[in-house]
Number of protein chains: 2
Amino acid sequence: MGENVGAAARAMKNFGLSELRLIAPKFEWPNDRAQILASGAGDILDRTTLHPTAKDALADVQLVLATTARGRDVTREILTPAEAAARLREASGRGLKTAILFGGERAGLDNDEISLCDALITIPTAPLPQVKDTELKAGSLNLGQAVLLLGYEWLKTADATPASRMRNTIGVPAPRAELIDLFEHLERELDAGGFFFPPAKKGAMVRNIRAMILSSRLTDQQARTIRGMIVALVRNKYRGQP
Amino acid sequence: MGENVGAAARAMKNFGLSELRLIAPKFEWPNDRAQILASGAGDILDRTTLHPTAKDALADVQLVLATTARGRDVTREILTPAEAAARLREASGRGLKTAILFGGERAGLDNDEISLCDALITIPTAPLPQVKDTELKAGSLNLGQAVLLLGYEWLKTADATPASRMRNTIGVPAPRAELIDLFEHLERELDAGGFFFPPAKKGAMVRNIRAMILSSRLTDQQARTIRGMIVALVRNKYRGQP
């Protein structure tokens with residue numbers, strides 16, 4: 001359906017893919033429904049080319065991987081989406097023309113189309129097919145979803161974002177001196193409040209509190225905020241409030 | 001919209017997630033459109049619970065990660081989808097109750113909701129935001145797409161599928177003896193056809209041909225097929241056909 005092509009174009013745009021080729025679509029083209037679903041990716045649809053066969057669409061392509069959910073009766077190499085993306089990125093980096101071939105919603109790709117491709121891609125879905133390779137069932141991913149996941153893996157191969165990071169918009173990690181000032185301020189007030197009991201355990205209690213504070217990886221701003229909180233709490237205490 | 005919740009349920013089902021909680025939906029519930037879009041995932045919708053606030057929905061959850069596309073004015077840890085999935089899987093493996101919090105289509109999550117979460121998740125989209133962290137723009141992923149990508153990463157953390165594998169439905173890798181029979185058969189017929197010229201180069205030519213055949217990692221069946229092809233080609237030649 002045209003909708004699915006629109007969703008596919010939108011998914012492509014999200015992940016930096018730009019060239020879409022349609023093989024013998026069963027709907028009219030250009031397609032209004034596709035334009036609506038594509039939202040910001042109308043430029044991809046405008047440049048989309050139509051081809052009568054896979055053979056024609058793939059004529060100038062040097063590495064082709066085909067998505068498939070079904071067990072096949074031929075012996076072909078099957079890749080995970082991440083491995084496929086890595087190979088496409090590597091070939092693309094060498095200046096080769098690369099493509100991913102997706103099947104239609106119902107029928108998928110036929111064996112003749114598959115025979116033109118270098119390897120297959122299977123997207124893992126639940127339940128995981130590890131038990132028996134030949135028992136792979138057709139996943140229920142539609143075209144837009146399949147394009148989204150492959151596009152995502154494609155983008156990831158070029159994405160150097162660290163697995164975990166902090167958005168440092170309001171501060172930098174507190175320098176050790178500020179943390180030590182915080183430790184000593186807090187420990188002084190806790191001592192005054194009779195917190196360290198029994199006194200013999202004070203050393204261990206201090207170390208636990210310092211570890212707890214360090215594990216929060218405070219910014220300089222946060223360290224100052226906590227010192228302000230201590231001041232406010234102590235002020236309440238001297239007023240006789242809880 | 002109900003459609004998006006249906007698509008989200010279908011994405012969850014594809015990747016082995018089962019428990020959906022809705023916070024103050026702006027549409028009626030149960031929802032017919034959601035049921036249609038969920039297709040095979042109606043059981044997830046049937047068990048979906050409604051909650052007036054994020055605070056209520058998250059009451060029993062021990063690790064919560066929130067998806068966000070927008071720059072935030074607070075300093076929070078931001079994870080890639082893969083890192084988020086790994087942490088959720090690890091916590092889940094220790095018996096903890098975990099959740100991913102998704103925002104609505106338009107407004108996303110507000111800062112009060114974000115303040116209840118342990119860390120944020122940002123899905124990388126094009127153009128990559130590596131240049132300047134504070135310039136992150138809202139991606140155009142909808143709810144169903146965001147749930148699909150996070151569900152996919154969740155499944156991947158439990159997926160031991162090798163990056164590349166062969167589906168061995170019609171053969172096993174050919175034993176060396178069959179390959180050697182193939183080599184010798186082919187080389188004998190090539191020799192008879194005057195292929196090895198100049199004769200001094202025959203050794204190198206043979207090694208190149210053997211390397212080419214080995215790189216195809218033939219099954220026993222494929223090795224036999226090629227020997228049959230050689231027989232057929234030679235038969236044509238003796239008939240005087242090309």
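The values are calculated or read from the model by the stated rules, or taken from the named source; none is laboratory data. Being a predicted model, the structure only gives us computed values, none of them experimental. Neighbour counts are summed over all protein chains in view; Cβ atoms, including those assigned to glycine, are modelled from backbone coordinates with ideal geometry. Just so you know, the surface numbers come from the protein's heavy atoms only, side chains and all, with ligands and any DNA or RNA stripped out. Shrake-Rupley method; radii C 1.70, N 1.55, O 1.52, S 1.80 Å.
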Cα-only Rg/Rh for the protein assembly as shown with Kirkwood Rh rounds to 1.11
Accessible surface, per residue, of the protein assembly as shown when the full set of protein chains is kept, probe 1.4 Å, Å²: 55
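Antiparallel as a % of all DSSP beta bridges within chain A, to the nearest 5?
On the way: 2 of 14 bridges.
Antiparallel bridges make up about 15 percent of those DSSP assigns within chain A.
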Please build a GNM for chain B, connecting alpha carbons under 10 Å apart, and tell me which residue among B:Gly95, B:Gly42, B:Gly203 fluctuates the most. B:Gly203
Hey, rough spin-label estimate for B:His185 and A:Arg33, points 7 angstrom out along Cα→Cβ, what's it come to in nanometres? 5.2
Residue-averaged beta-carbon neighbours from other chains (10 angstrom radius) around A:140-151: 4
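Could you compute the FRET efficiency for B:Ser164 and A:Lys55, with r as their C-beta to C-beta distance and R0 at 22 Å, rounded to 0.05? If you can, show how the numbers build up before the last one.
On the way: r = 26 Å, r/R0 = 1.16.
After rounding to 0.05, the efficiency reads 0.30.
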Ignoring ligands, DNA and RNA, the residues of the stretch B:75-115 whose accessible area with a 1.4 Å probe is reduced by 30 Å² or more relative to the chain alone are B:Thr75, B:Glu77, B:Ile78, B:Thr80
DSSP beta bridge pairing in the protein assembly as shown, given as percent antiparallel to the nearest 5: 30
Report the B-A buried area as the accessible area lost on both sides summed, probe 1.4 Å, in Å² to the nearest 100. 4900
